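Encoded as structure tokens, the structure appears first; notes follow it.
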Amino acid sequence: MEHRSQRMIELGIELPAVPAPVAAYVPALRDGDTVRTSGQLPFVSGRLPLSGKVGAAVSAEEAYILARSAALNAIAAAAEVVGGIDNLERVLHVTVFVASADDFTGQPQVANGASELLGEVFGDAGEHTRSAVGVSVLPLDSPVEIELICRVRR
């Protein structure tokens, strides 16, 4: 069995505390051998480092980093409901929402921030299907939001 927690130590990445929901939902929910997260924002130490639309107030490069942070928050939410990151067997699907300026079309490159982090943490088990969706606005004026679906180790 691969130890994702050990891999996180090797990468120098620490799972953050799961951000408190900003409305009436739970951060993650397990159903049988899958866990699905609610949309996770790129909170760092309890706050959004940047806000606004990607391609206007936020650059694609900044949004890529924010997508990594949101993905890390999603991993933390999933891990919390299954008893730790070592119990997450693989990533199945990632949905990345990008608050986009009207002419911004780089959603896939922003989403790579999340996908590449998942590959670093989970290795081959981090390969996943993905949707990268441009939207007009996200909660709290966040530039990105991430949802994960993972399979739980039996």
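Structure values in brief
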read-out	value
Positive-end residue, the stretch 1-111 charge dipole about Cα centroid, Cβ charges, pick of Val44, Val22, Gly55	Val22
Other-chain or far-sequence residues with amide H under 5 Å of Thr34's (modelled H)	Val152
Candidates Phe122, Phe104, Phe43: whichever shows maximal mean-square fluctuation once the chain is modelled as a Gaussian network with Cα springs under 10 Å	Phe104
For the chain, calculated [θ]222 nm from helices alone, where every DSSP H run of n ≥ 4 adds -39500 (n - 2.57)	-10000 deg cm²/dmol
Placed amide H near Leu88: partners under 5 Å, 5+ positions off or other chain	Arg153
Most mobile of Ser59, Ser115, Ser142 in a GNM of the chain (Cα contacts under 10 Å)	Ser59
Fluctuation leader among Val22, Val121, Val137 - the chain, Gaussian network, Cα springs under 10 angstrom	Val22
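Each value in this text was obtained by applying a stated rule to the coordinates, not by laboratory testing. Computed from a predicted structure; not experimentally measured. Cβ: placed from backbone, ideal geometry, glycine included. Neighbour counts: every protein chain shown.
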